[in-house]
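Taking it in order: structure first as structure tokens, then the write-up.
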Amino acid sequence: MAKYIFVTGGVTSSLGKGIIAASLAKLLQSRGLKVTIQKFDPYLNVDPGTLNPYEHGECFVTDDGAETDLDLGHYERFLNTPTSQANNVTTGRIYQTVINKEREGEYLGKTVQVIPHITDEIKRRMLLLGETGKFDIVITELGGTVGDIESLPFVEAVRQLQWEMAEEDCLVLHLTLIPYLKAAKELKTKPTQHSVRLLSQEGVHPDVIVCRTEHHLTEDLKRKIALFCNVKPNAVIEAMDASSIYEVPLKMLQEGLDVIVLKKLHINGYSAPELNKWQSFLNKLHKPKGKVKIGLIGKYVELQDAYKSILESFIHAGVVNDCKVQVINVHSEHIDSGNVADQLKELDGLLVAPGFGSRGVEGKIEAVKYARENNLPFFGICLGMQMAVIEFGRNVIGWKDAHSTEMDASTTHPVIALMDEQKKVKKKGGTMRLGAYNCAIEEGTNAHKIYGSLEISERHRHRWEFNNNYLNDFTKAGLIPSGKNPVNGLVEIVEIKDHPFFVGVQFHPELKSTVENPHPLFVSFIAASKNYSEKKESVKSSAKTITA
Ligand code: GLN
């Protein structure tokens, strides 16, 4: 039977509950336990797929096609195991289920209420993954902050589950903030005391308190928190700000978080933590031998969470290549034919990001053109790939109005067109082409070299596609469709032969890169960028020698 850990947050949002949950999961996994993490979000959207990245950061997509919270990306990157639809539940989904059941007559004669109907549905979903028999431990992260009106039913569900389960079958971890007051030169525990009191008023008492802090907590301070929050002093865990999120599992190991959890859950016979690979990843991360500058061309670049998985994939790929990837954000709306060279000339590689709608697309097309003409490594993801196709259509083939019908419905060269199956779609939620699909790779292509395989599977989130009516024209002109869906022929990868790295993919490789399995496309793109940078440097230094 699975054991359950619930992670709540207090004082403020953005404390990194997802990272703490993922770090604890990593430690338990490293001791031989099978762990999964799920997130319960208190908003009313059925899933975050309909949310703008400005609202909620990136939308992470699972193999089974769920549009989920970006924390699921952290869970996968840390644990190296896939999540699924069941790992992310929102208030919207809970209510939708209950209301549908009500309409079907399942509660006939009864008043349908938050308690017990909504809380029962929350509890049912909280237990689902544990009941599969696949996991020893299920960690449930509750989104939001304790005290929020909207998270009350979730906390109540946790209270009831705690009451129903044996003491040793569940545990509550509360993450809080210990602010430092500069003027007083003091760390303050009062907000934590209040947030634990708030949680207790709702009937849930934490077993472990993890304290985010910018300064070390003294033993005295830990005792004080323990006393006033009614936990044992060793259950007060310091979570100092870390230079990388990937440091956090090791910091939690030093603090003994995993041991406290294992004790409380009466789990015996676990092995010593096996974190050698993780440690060597960190060693390389902290001692890069070189640096590459990668331009991230997008329209949400001012908001880092919008491209979370891409940024993390760069970190993984940088480590493989022994170099630091410095990401230079370039706002696609600010690029035009007059300034493109100035904006991109310092870069060693260019990634054109996914996106929706017409804002900034002309800038993206200019950026692709620059990369293609200047042999600058180019990597286009989803919309980025579509922009590469449009650019090639316009500037190599000569179809000046080539476009995607997403942006220009009346173009005479719709090189990117709405997929047939999308034409009848009216509802916006969960209706894109989502999740994992197979892709057959053309032998001898760059994609083949990169993947080392002829059959791959990648995750998707799009409505438009490469228009196969133009396939011959593109192939003849030198844009190679090096990966296709084996069932319907949809072009999944395009590349250019005589270019150091020019690859566009319709899918989202960034969703599958993990610490243990950095994605081959990112690894090769960074390798090509490193090469480009080294060549550039040697040209510069020989130019210097000549002038000297
Ligand atoms: N807007 C494009 C489409 O729907 C690209 C989507 C994306 O980049 N995720 O096809």
Among residues of the stretch 497-509 being open to solvent by less than 10 Å² (accessible area, probe 1.4 Å) and in contact with a helix residue (DSSP H, G or I) (Cβ under 7 Å, 6 or more places away or on another chain), the residue nearest to Ser84 (Cα to Cα) is Pro509
The stretch 317-396: strands (runs of 3 or more DSSP E) wholly inside it with 3 or more residues that are away from the ligand (no atom under 12 Å from the Cβ) and surrounded by 19 or more Cβ atoms within 10 Å (Cβ to Cβ) are 323-331, 349-352
*asked:* On the basis of being within 29 Å of Tyr307 (Cβ to Cβ), open to solvent by 20 Å² or more (accessible area, probe 1.4 Å) and within 26 Å of the chain's Cα centre (by Cα), does Leu51 make the cut?
replied: yes
Expected single match for assigned to a strand (DSSP E or B) and over 15 Å from the mean Cα position of the chain (by Cα) among Val112, Val98, Val46, Val7 is Val7
The helices (runs of 4 or more DSSP H) lying entirely within the stretch 195-284 that contain at least 3 residues which are buried (at least 19 other Cβ atoms within 10 Å of the Cβ) and touching a Pro at 6+ places or on another chain (Cβ under 9 Å) are 219-229
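Every residue, every condition in (1) modelled with pLDDT under 95; (2) closer than 25 Å to Ala353 by Cβ; (3) in contact with a Leu (Cβ under 6 Å, 6 or more places away or on another chain); (4) not small (Gly, Ala, Ser), yes or no:
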position	(1), (2), (3), (4)
His462	no, yes, no, yes
Val487	no, no, no, yes
Val494	no, yes, yes, yes
His508	no, yes, no, yes
Pro518	no, yes, no, yes
Ser533	no, yes, no, no
Ala543	yes, no, no, no
Within the stretch 482-496, the residues that are outside any loop (DSSP other than H, G, I, E, B) and open to solvent by less than 20 Å² (accessible area, probe 1.4 Å) are Ser482, Gly483, Val491, Glu492, Ile493, Val494, Glu495
Inspect all residues belonging to the stretch 533-545 and state whether any of them is open to solvent by less than 50 Å² (accessible area, probe 1.4 Å) and touching a helix residue (DSSP H, G or I) at 6+ places or on another chain (Cβ under 7 Å). no
Filter the stretch 91-122 for residues that are among the charged types (D, E, K, R) and under 23 Å from Gly144 (Cβ atoms); the one that is surrounded by the fewest Cβ atoms within 10 Å (Cβ to Cβ) is Asp120
Within the stretch 414-434, the residues that are surrounded by fewer than 19 Cβ atoms within 10 Å (Cβ to Cβ) and touching a helix residue (DSSP H, G or I) at 6+ places or on another chain (Cβ under 7 Å) are Lys428, Gly429, Gly430
Is it the case, given these coordinates, that Asp41 is open to solvent by 10 Å² or more (accessible area, probe 1.4 Å), acidic (Asp, Glu) and in contact with a strand residue (DSSP E or B) (Cβ under 7 Å, 6 or more places away or on another chain)? no
Point to revise | Test: Leu303 is modelled with pLDDT under 95 and hydrophobic (A, V, I, L, M, F, W, C) | key: yes
Within the stretch 448-481, restricting to residues that are in a strand (DSSP E or B) and away from the ligand (no atom under 15 Å from the Cβ), the one that is surrounded by the most Cβ atoms within 10 Å (Cβ to Cβ) is Leu479
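Residue-wise test of (1) within 15 Å of Asn88 (Cβ to Cβ); (2) at pLDDT 95 or above.
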| site | (1), (2) |
| --- | --- |
| Ala2 | no, yes |
| Gly10 | no, no |
| Leu15 | no, no |
| Lys39 | yes, yes |
| Val61 | yes, yes |
Across (1) out of contact with any Pro (no Cβ under 8 Å at 6 or more places or on another chain); (2) closer than 20 Å to Lys364 by Cα, Ser404 clears everything bar (1)
Picked from the stretch 406-421 (must be under 8 Å from Trp464 (Cα atoms) and not in a strand (DSSP E or B)), the residue farthest from the ligand (Cβ to nearest atom) is Met419
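The values are calculated or read from the model by the stated rules, or taken from the named source; none is laboratory data. Since the structure is predicted, the reported quantities are computational estimates derived from the model, not experimental observations. Every residue, glycine as well, gets a Cβ built from its backbone with ideal geometry; the counts of neighbours run over all protein chains shown. Accessible surface areas use protein heavy atoms only, side chains included; no ligands, DNA or RNA. Shrake-Rupley method; radii C 1.70, N 1.55, O 1.52, S 1.80 Å.
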